[in-house]
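Notes follow the structure.
Every number in this text was worked out from the coordinates using simple rules, so none of it is lab data. Predicted model only: the values in this text are computed from it and were never measured. Cβ sites come from the backbone with ideal geometry, for glycine too, and all protein chains shown count toward neighbours.
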Amino acid sequence: MHALPHTIAPDRLPDLLRLMPKAELHIHIEGSLEPELIFALAQRNGIVLPYASVDELRSAYAFTNLQSFLDIYYAGASVLIQEQDFYDMAHAYFVKAAADNVVHAELFFDPQTHTARGVAIETVIKGLHRACVDAQAELGVSASLILCFLRHLSEEKAFETLEQALPYRDKFIGVGLDSGEVGNPPEKFARVFARCRELGLHLVAHAGEEGPPAYIWTALDVLKVERIDHGVQAIKDPALMQRLAQDRIALTVCPLSNLKLCVFPDLAQHNLRQLLDAGLAITINSDDPAYFGGYMNDNFTQTFAAVGMDAEHAYTLARNSFEASFIDKATLGHYIGRLDACFESFR
Ligand SMILES: Nc1ncnc2[nH]cnc12
Ligand SMILES: [Zn+2]
């Protein structure tokens, strides 16, 4: 039975958005590294940063597009050396996620950002995985890992990374595709995604963040992904909109990220509500919260205020986040039950 969210008074909407259980499906764990932790890890590892202070680093966070962000994001990740560093980063994220009533999270990580600096993939995966296990035990947050290939690098490098990761196959549930989109279409990674599919891994890809609808089509038809990360450019292609709606392909949309990377000039002009009202399986996510000025509840409350959505939209977005996740049927039923109970308590 569905809850009846439309009976909830509008002035209670911000509380509802904050308190409702939700899943986060698009978070780059390296993008959760706050400036304070960057400085603490730099000190712990004897690394000299090209910034004098936390404030100076934070003031460099003024981006004009995806690449201007990626340059500073990869530099920030250079302080991650030991397994404990990866653990501490992910643990800090889980504490923030739990405070936002995120009850399930699927974390992207970029192994090539670390292996290129001589950090073993074992160090990366073991640190992150231990934090996932502890998130469940300490915070009641279920979590899993999705390994992302950097699309500005070659498919051969992606294959090498997959080989290095396979001894830890039980510690990640899928693969994704991220980094600079334009000029690096999904089909560049056709063979490595086919191999990951044979291995039974879940498949997702960033597509249509800055890149054209054609990249969303090839992510679906060539890579055979189960979700599209971002995907907001789909609005330009009615046939694609129809395909996404019909096949219930979820889009993991990240409103504050799109704002900070100038995909939309302001939040009021974000197309999330149009995509949702067109029947697409839209979810709200934070992408790189330490860089874009907000975690999950900031994304929800600011987007709702800017585009004028109601409790019905809130319910649909939270429900979509669970239905689009890679959790098993029993856990899905449990989380939907908690979501319905939350909405009932607001009536
Ligand atoms: N928004 C984004 N797009 C592509 N690659 C990313 N890596 C981290 N954040 C990203
Ligand atoms: Zn992303």
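Would you please report the Å³ per residue occupied by the convex hull of the alpha carbon atoms in the chain?
127 Å³
As I understand it, the dipole of segment 5-345 uses +1 on the Cβ of Lys and Arg and -1 on the Cβ of Asp and Glu, about the Cα centre. Which of S325, Y87, I284 lies farthest toward its positive end?
S325
Give me the tail of P(r) for segment 126-181 as a percent: Cα-Cα pairs with distance above 19 Å.
That tail contains 38 percent of the Cα-Cα pairs.
Any chance you could run the full-extension gain for N45 through A341? It's 0.36 nm times the residue separation minus the Cα-Cα distance, nm to one decimal.
101.9 nm
Taking only Cα atoms and a 10 Å spring cutoff, compute GNM fluctuations for the chain and point out the largest among Y215, Y51, Y335.
In this elastic network of the chain, the residue with the biggest mean-square fluctuation among Y215, Y51, Y335 is Y51.
Calculate the dipole size of segment 128-183 relative to its Cα centre from +1 charges on Lys and Arg beta carbons and -1 charges on Asp and Glu beta carbons; express the result in debye to the nearest 20.
So the dipole magnitude of segment 128-183 works out to roughly 100 debye.
By the scheme Lys and Arg +1, Asp and Glu -1, what is the net charge of all other residues having a beta-carbon under 11 Å from that of C196?
Residues near C196 contribute +4 overall.
Could you order the peptides 162-171, 116-125, 314-323 from most to least packed, using the average number of other C-beta atoms within 10 Å per residue?
In decreasing order of mean packing, 162-171, 116-125, 314-323 become 314-323, 116-125, 162-171.
Report the full-extension gain for the segment E122 to R191: residue separation times 0.36 nm, less the Cα-Cα distance, to one decimal in nm.
Going from the current span to full extension adds 22.4 nm.
Suppose each label sits 7 Å from its Cα in the direction of the beta carbon; what would the A75-E323 distance come out to in nanometres?
If labels sit at A75 and E323, their model points lie 4.3 nm apart.
What residue among A234, A268, A97 shows peak mean-square fluctuation when the chain is described by a Gaussian network model with Cα springs under 10 Å?
A268
FRET efficiency for N65 and E36, Cβ-Cβ distance as r, R0 = 25 Å, nearest 0.05?
0.40
Considering only Cα-Cα distances, which of the following residue pairs are longer than 24 Å: K157/K236; K171/K224; K126/K224; K96/K126?
The pairs that break the limit, which is 24 Å between Cα atoms, are K157/K236; K126/K224.
Rounded to the nearest 20 Debye, what is the dipole magnitude of segment 258-347 about its Cα centre when Lys and Arg each give +1 and Asp and Glu each give -1 at the C-beta?
The dipole of segment 258-347 has a size of about 80 debye.
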